[in-house]
Structures are given as structure tokens and as C-alpha cells.
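Below: one structure in C-alpha cells.
A short reminder: the numbers here are calculations on the coordinates, not readings from a lab. This structure is a prediction, so every number in the text was calculated from the model and none was measured. A quick note on method: Cβ atoms are made from the backbone with ideal geometry, for glycine too, and the neighbour counts reach across all protein chains shown.
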Amino acid sequence: MASGSSTTNLPEAHIGNIAIKSKPSPKKTASLWKTLEEYPLDVFKLDHRLANDSVSIMRTSLCDIRMSKDCRWPWLVLVPQRAGITEIFELTPLDQVMLTFETEMAAAALKKVTGATKINIAALGNIVRQLHVHVIARFEGDANWPGPVWGYGTAEAYEDAKRDEFIETMREALSS
């Protein structure tokens with residue numbers, strides 16, 4: 001920049017919460033990187049219990065849409081890919097809207113694919129604190145109908161071919 005010139009016409013750039021209107025000096029840049037190293041940004045990590053009990057079938061702009069490995073009920077789990085979030089109200093307003101949209105999308109696709117009598121949607125988090133939303137297809141006469149699915153009996157694994165077929169069918173339904 002020429003001597004005496006102003007930064008008022010420079011576009012504003014943002015680094016985290018810091019707004020800058022000029023190119024930072026090497027000293028300031030080194031200081032900024034040191035600060036970022038001292039306070040690293042949170043990184044999303046999937047809770048190991050969700051990873052063990054489900055398989056990822058699709059990632060959307062907000063969620064990792066996963067399928068429960070328990071074949072007794074067609075069951076999706078939506079996990080917002082945001083670090084440290086345990087409650088819906090902790091999401092940003094935009095993420096709350098996206099979660100609602102993606103939950104509705106998953107519920108409609110699951111109903112279309114399964115022809116379920118009822119779609120149950122819940123975000124409990126009493127055991128696994130990481131925010132996740134269950135979308136479960138229920139049928140009259142299914143295991144524990146009309147009672148809840150939680151804590152009922154022992155989980156049953158999918159046969160590989162049936163699991164793969166259900167995943168592919170759900171991917172197609174979620175993409176249409």
C-alpha cells in the first residue's frame with residue numbers, strides 16, 4: 001500500500017472472529033497461528049457407540065445419515081456433524097432448520113421405502129450424549145408394537161445382502 005493510503009476500500013477478510021482489512025505482517029501472522037495452535041477448533045468426532053451400532057449411508061450438508069445395524073426395525077440415525085453439541089437448541093438457528101429439513105427428508109424416504117404404519121422420531125441422548133436423531137419405521141405387529149424400541153430384546157444383525165440392499169434403496173430414496 002502506498003504511504004498515507006487508507007484501508008477503507010480494502011475488502012474485509014475474516015480469520016475466525018478477527019476481521020482484517022489489510023495484509024497482516026509476518027509477525028502478526030505467526031502470532032495468529034500460535035493462537036490457533038493454543039486454541040484448536042473443535043473437530044467433529046462420532047461417538048464410538050453410534051459408530052458401533054450403525055453404518056453411514058449418506059452425508060448431507062449437516063448430518064451423517066446412518067442405518068441402525070438392528071434389523072428388527074428399519075431405523076435411521078441422523079448425526080449433525082458439529083463438535084460438542086448435545087442438544088438441538090445448541091445448534092445455530094440455520095443448523096436447527098437444516099436438521100428439521102433433513103429429518104423430514106429421512107422420515108419421508110423411510111416411509112416411502114418401507115410402507116411403515118408409523119414413523120417415530122426422537123432425540124433422547126440419555127445414554128449417548130452426542131446429538132443424534134432417531135427415525136424409526138414401525139409396523140403393527142413388529143417387535144414390541146406399540147411399545148418403544150429402546151431396551152426391548154436383543155439387537156439382531158442384518159444379513160449382509162439384505163443390509164446392502166436396504167442401504168442402496170435408502171440412498172436412492174434420499175437422493176430423489
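If neighbour count is taken as other Cβ atoms inside 10 Å, put 119, 127, 65, 85 in order from fewest to most.
Ranked by crowding around the Cβ, least crowded first: 127, 119, 85, 65.
So, one more: So how far apart, in nm, are the two label points at residue 171 and residue 152 if each is 7 Å from Cα heading toward Cβ?
3.0
Taking the number of other C-beta atoms within 10 Å as the exposure measure, put 43, 113 in order starting with the fewest.
Going from least to most buried by this count: 43, 113.
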